[in-house]
Amino acid sequence: MPVHLGKLADQRKADRMPEGDTVHKIAQFLAPRLTGVMVEQVKLPDADTAKRCSGQRVRAVVARGKHLFIELDNELTIRSHLGMHGSWHRYPHATAWQRPRSQLSLALSTADWEYVCFNAKEVEIVRSPSVRRRIVHTRLGVDLIADHTDPAFLASRAREILDADALLIDALLDKRIACGIGNVYKSEILFIERLSPALLLTDLDDDSLGKCFQLGADLLRRNLGGGRRTTRFEHDDAGSLWVYGRSGLPCLQCDTPIQSRRMGRHHRNTYWCPVCQPNNVHKTNT
Ligand SMILES: [Zn+2]
């Protein structure tokens, strides 16, 4: 008997528009059956594209919202969106489909089964890294005040979302990685960690990168009580911040004039001490 994955997902609502949870249930059905399995033939309306996907093993089946992503071993991913009328069926080989071939959107043939998607709103073949990026782009990062901070996770998330040649300052402000660090904390974190604002993600190892977010979380929490924003907890009257807003004034550590410039993707003012924050690569393992 053919299996109708739409009905399998929800018997009572089989004919209604597929929702995100339907797609998740389809992914839950397909993932254990397809992951690691060779797809001998892919059928798509475009035969050339289908050929590029055939003869590949499935690496993962993932649902995100209403999209289903089937990742293949050759770094290609089949993304599908069922739209209003799409559905998935599973047939043993040599079994007549219950819908006409004209409604075919995508079919995957394994040694044992044929998985067929009809009437999808969209099917496209995309390169897997850009898909992963698109998936993470749709999510907001962790809240550095409310959530547990895991520096290693934040470092890997930064690398997942941004290119290696992205500026560290852009990573710190990127809300898809972590929410909370603003323009003031950005400059202060770099000063306390002795990192130049010119550094790229590729210049730092995961330890150094993760420490920046951990420090951001610590500073945000220490400032929850109100009062002046403070990153410099010294008992003197030299100020509550190390570098922010202090362009041309002597560095509170070494007396070198603080520099400032609009930098990064958002051209935000960035302050730093050129002596305390030399433009060195921060990698302990290389
Ligand atoms: Zn200095």
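The values are calculated or read from the model by the stated rules, or taken from the named source; none is laboratory data. Quick caveat: nothing in here was measured; it's all calculated off a predicted structure. Neighbour counts are summed over all protein chains in view; Cβ atoms, including those assigned to glycine, are modelled from backbone coordinates with ideal geometry. We work out accessible area using only protein heavy atoms, side chains counted, and drop any ligands, DNA or RNA first. Shrake-Rupley method; radii C 1.70, N 1.55, O 1.52, S 1.80 Å.
Observations on the structure shown:
- Trp97 contributes an accessible area of around 50 Å² to the protein surface, as traced by a 1.4 Å probe with all chains present.
- Ellipticity estimate at 222 nm from DSSP helix runs (n ≥ 4, -39,500 (n - 2.57)) divided over the chain, nearest 500: -8500 deg cm²/dmol
- Neighbours of Leu252 by Cβ distance under 13 Å: Lys/Arg scored +1, Asp/Glu scored -1, total -3.
- Candidate residues His148, His267: accessible-area rank, largest first, probe 1.4 Å: His148, His267
- Debye equation applied to the C-alpha atoms of the chain, log10 I(q)/I(0) at 0.12 Å⁻¹: -0.80
- C-alpha long axis of helix 20-34 to longest principal axis of the chain, angle in °: 70 degrees
- Of Lys186, Lys25, Lys175, Lys51, the residue with the largest accessible area leads and the full order is Lys51, Lys175, Lys25, Lys186 (1.4 Å probe).
- Each Lys and Arg adds +1 at its Cβ and each Asp and Glu adds -1 at its Cβ; summed about the Cα centre, segment 16-95 shows a dipole of about 180 debye.
- Extension gain from Phe153 to Glu40, taking 0.36 nm per residue of separation minus the Cα-Cα distance: 37.0 nm
- Summing Cβ point charges (Lys, Arg +1; Asp, Glu -1) relative to the Cα centre of the chain gives a dipole of roughly 940 debye.
- On a per residue basis, the chain carries 50 Å² of accessible surface, using protein heavy atoms and a 1.4 Å probe.
- Among Ile192, Cys254, Gly36 the positive-end extreme of the charge dipole of the chain (Cβ point charges): Gly36
- Filter on Lys25/Lys66; Lys211/Lys283; Lys43/Lys66 - keep pairs with C-alpha separation over 20 Å: Lys43/Lys66
- Rounded accessible area of Ser87 (nearest 10 Å², 1.4 Å probe): 20 Å²
- Degrees, to the nearest 10: 183-192 long Cα axis against longest axis of the chain: 70 degrees
- Across the chain, C-alpha contacts under 8 Å between residues 6 or more apart give a mean separation that, scaled by the residue count, equals a relative contact order of 13 percent.
- With both labels modelled 7 Å from their Cα along Cα-to-Cβ, the Cys254 to Arg221 distance reads 3.1 nm.
- Farthest positive-ward along the chain dipole, Cα basis, beta-carbon charges - from Leu220, Asn280, Ser105: Ser105
- On Cα atoms only, tilt of 151-161 relative to the major axis of the chain in degrees: 60 degrees
- Computed in the context of the full set of protein chains, the accessible area of the chain at 1.4 Å probe radius has 49% of its extent on carbon or sulfur.
- Extension gain, Leu200 to Lys121, is 24.4 nm, computed as 0.36 nm per intervening residue step minus the present C-alpha separation.
- Based on every Cα atom in segment 67-108, Rg and the maximum pairwise Cα distance Dmax equal 12.2, 32 Å.
- Going by accessible surface with a 1.4 Å probe and the largest first, Lys211, Lys66 read Lys211, Lys66.
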